[in-house]
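Take a look at the structure below.
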Amino acid sequence: MTDVYQCIQDRFSARGPFDPGRPVSKQDLERILGAGSWAPTAHNMQNFEFVVVDDAKLLAALGELKNSISMDFIKENYRQLSFSEEELKRKKVGILADRFPSAWTDPGATLEELRATERTLPTSPDMLFMLYDPSRRAPASEGDFLGIISLGNVTQNMWLMASTLGIGFHIVSSFGDGVVEKEVKRILSIPDSLKIVYAIRLGYPLSDSGYLRVRREVDDFAHHNHYGKKGLNET
Ligand SMILES: Cc1cc2nc3c(=O)[nH]c(=O)nc-3n(C[C@H](O)[C@H](O)[C@H](O)COP(=O)(O)O)c2cc1C
């Protein structure tokens, strides 16, 4: 029997570069997208579309887009950061600050300092752009809360499938942000009515992209019968 728990734990964000000479096969792309289609979605809406990009010219155009960092991002990012592995191990949530340019980890950074750190967004030989139609919400779901959760389920199925196939998977949210989203829509002929959820980089990592990954203990977030009685053994 496949150890599902092991498969779930082995999945990770492959943020490093992928082998430019080793694209993902069509068969594997179909497997990954097919796994997404079998995800549970509210009302079985299947409220997603994907643009699969492997054309070199389009990838080059996408690779020229630069992220734009907002002050809001900097402030909110700061609250999630740890500045050492020890701190991250202790907190068990969030990410390490060394992933970002130092100005992004400084709530006192000025706009000029942030502008100086603008950099092009990462691409890969195969990229998936996940789209949805915000005007078609799950029934009676304020803000399409249920529809958006469904997109997460789709992503997770695809991620687990890719991981099982030995294919690196990396979400890049910035492709769905403001000005960048507009540019992506232009490059990929995506109608204005659709929202880009995010881009997913797929490929074969060039190096072991292992890094410190932390999670909370079950007893830290599971409350037994009454909120506040933390831990499954609490009575
Ligand atoms: C909705 C969503 C958006 C994310 N956006 C990004 C992103 O823009 N860039 C990135 O490097 N990782 C992104 N991630 C990956 C998370 O940072 C990552 O899943 C988390 O830190 C746990 O690490 P792991 O995936 O290696 O277990 C995103 C994940 C999710 C679920």
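The values are calculated or read from the model by the stated rules, or taken from the named source; none is laboratory data. Predicted, not measured: the structure shown is a model, and the values here were computed from it. Using ideal geometry, Cβ is built from the backbone for each residue, glycine included, and neighbour counts are taken over all protein chains shown. Please note that ligands, DNA and RNA were not included when accessible areas were found on the heavy atoms of the full protein model with its side chains. Shrake-Rupley method; radii C 1.70, N 1.55, O 1.52, S 1.80 Å.
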Legend entry - Selection status of N225, open to solvent by 80 Å² or more (accessible area, probe 1.4 Å) and on the phi > 0 side of the Ramachandran plot: yes
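Results for (1) touching a Ser or Thr at 6+ places or on another chain (Cβ under 6 Å); (2) over 30 Å from A116 (Cα atoms), shown as yes or no for each residue.
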| position | (1), (2) |
| --- | --- |
| I8 | no, yes |
| R11 | yes, yes |
| A14 | yes, no |
| G21 | no, yes |
| V24 | no, yes |
| L65 | no, no |
| S70 | no, no |
Inset, instruction - Residue by residue through region 131-146, note down the ones that are aliphatic (A, V, I, L, M) and within 15 Å of the ligand (Cβ to nearest atom). - result: L131
Legend entry - Residue within region 1-11 that is closer than 30 Å to T105 by Cα, open to solvent by less than 40 Å² (accessible area, probe 1.4 Å) and modelled with pLDDT of 95 or more present: yes
Legend entry - Test: G210 is at negative phi and modelled with pLDDT under 95: yes
Inset, instruction - Give region 13-34 a look and list any residue that's within 16 Å of the ligand (Cβ to nearest atom) and either open to solvent by 50 Å² or more (accessible area, probe 1.4 Å) or out of contact with any strand residue (DSSP E or B) (no Cβ under 8 Å at 6 or more places or on another chain) (or both), or say none. - result: R15, P17
Inset, instruction - Hey, can you tell me all the residues within region 159-180 that are open to solvent by less than 20 Å² (accessible area, probe 1.4 Å) and over 19 Å from G16 (Cα atoms)? - result: G176, V180
Inset, instruction - Working only within region 177-235, note down all residues that are farther than 30 Å from T164 by Cα and in contact with a Leu (Cβ under 7 Å, 6 or more places away or on another chain). - result: V180, E183, I187, I190, L194, H224
Inset, instruction - Filter region 147-178 down to the residues that are near the ligand (Cβ under 9 Å from one of its atoms) and among the hydroxyl-bearing types (S, T, Y), then identify the one that is modelled with the highest pLDDT. - result: T155
